[in-house]
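K.L.:
Next up is a structure, given as structure tokens.
Every number in this text was worked out from the coordinates using simple rules, so none of it is lab data. Keep in mind it's a predicted model, so treat the numbers as computed, not measured. For neighbour counting, all protein chains shown are included, and Cβ atoms are generated from backbone atoms with ideal geometry for every residue, glycine included.
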Amino acid sequence: MSRSERSPLLLAGLLAAAGTAHFAVPRRFDHIVPRSLPGSPRTWTHASGAVELALAAGLALPRTRRAAALASAAFFVGVFPANVKMAVDWRHRPTPQKAAALGRLPLQLPLVLWARAIARNAEGRS
């Protein structure tokens, strides 16, 4: 299997793992939901987990890969405020936790670029 064939499956796996975690250990995610969002943080945690699982399924199927990859890029941009909130909230935690929270911030850009590359490679395929 070539790198371009593996790439969407790897991103699908990452999203599937993250989506599953939103349901398996939701409390970890509830705390990073921005307070400005209406409703319960748990609702947002479950909703984002469901979106991640749907995106993973879309990336895994060649027929829906391009649309799912573009939606994934938008999703990674959309969840950035939660990562910022986490970094701010964790600024007084021990150094390893603080580093993990800060490390999530620049990670969003490569994820967006990865999803866009998958969309480009999927163009014209059905």
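K.L.:
Return the loop-located chymotrypsin sites (Phe, Trp or Tyr not before Pro) in segment 1-52 (DSSP other than H, G, I, E, B) with at most 14 other Cβ atoms within 10 Å of their own Cβ; answer none if there are none.
P.N.:
Nothing satisfies the criteria.
K.L.:
Between Ile32 and residues 5 or more places away or on another chain, which pairs have amide H atoms under 5 Å apart, with H built 1.01 Å from N, and which residues are they?
P.N.:
Result for Ile32 returns nothing.
K.L.:
Quick check: the angle from helix 95-122's long axis to the longest principal axis of the chain, C-alpha only, nearest 10 degrees?
P.N.:
That helix lies at roughly 20 degrees to the long axis.
K.L.:
Would you mind computing, in nm to one decimal, how far apart the modelled labels at Leu107 and Ala24 are, each placed 7 Å from Cα along Cα→Cβ?
P.N.:
1.5 nm
K.L.:
Looking at the P(r) of the chain, how many percent of alpha-carbon pairs lie beyond 23 Å?
P.N.:
Numbers: 2712 of 7875 pairs.
Cα-Cα pairs of the chain separated by over 23 Å account for 34 percent.
K.L.:
Helix-derived [θ] at 222 nm for the chain: sum -39500 (n - 2.57) over DSSP H runs of at least 4, divide by residue count, nearest 500?
P.N.:
Value at 222 nm, helices only, nearest 500: -26000 deg cm²/dmol.
K.L.:
If you don't mind, another one. What's the magnitude of the charge dipole for segment 1-69 around its Cα centre, counting Lys and Arg as +1 and Asp and Glu as -1 at the beta-carbon? Answer in Debye, nearest 20.
P.N.:
Result for segment 1-69 is approximately 100 debye, rounded to the nearest 20.
K.L.:
Please list, in chain and number order, the residues 5+ apart from Val79 or on another chain whose amide H is under 5 Å from its amide H, with Hs placed from the backbone.
P.N.:
When sequence neighbours closer than 5 places are left aside, there are no close amide H contacts.
K.L.:
Considering the dipole of the chain built from charges on the beta carbon (Lys and Arg +1, Asp and Glu -1) around the Cα centre, which of Val84, Thr20, Leu9 is farthest to its positive end?
P.N.:
So the residue furthest toward the plus end is Val84.
K.L.:
Compute the helix-to-body angle for 80-89: its Cα long axis versus the longest principal axis of the chain, expressed 0 to 90° and rounded to tens.
P.N.:
30 degrees
K.L.:
Continuing with this model, one more query. Within segment 1-90, which trypsin sites (Lys or Arg not before Pro) sit in a loop by DSSP and count at most 10 neighbouring Cβ atoms inside 10 Å?
P.N.:
Answer by residue number: Arg35.
K.L.:
About its Cα centre, how strong a charge dipole does segment 32-126 have in debye, to the nearest 20, once Lys and Arg get +1 and Asp and Glu get -1 at the Cβ?
P.N.:
Values: 13 positive and 3 negative charges, 16 e Å.
Here the size comes out at about 80 debye.
K.L.:
With axes computed from alpha carbons, what is the tilt in degrees of helix 3-24 against the longest principal axis of the chain, rounded to the nearest 10 within 0 to 90?
P.N.:
For helix 3-24, the angle is close to 30 degrees.
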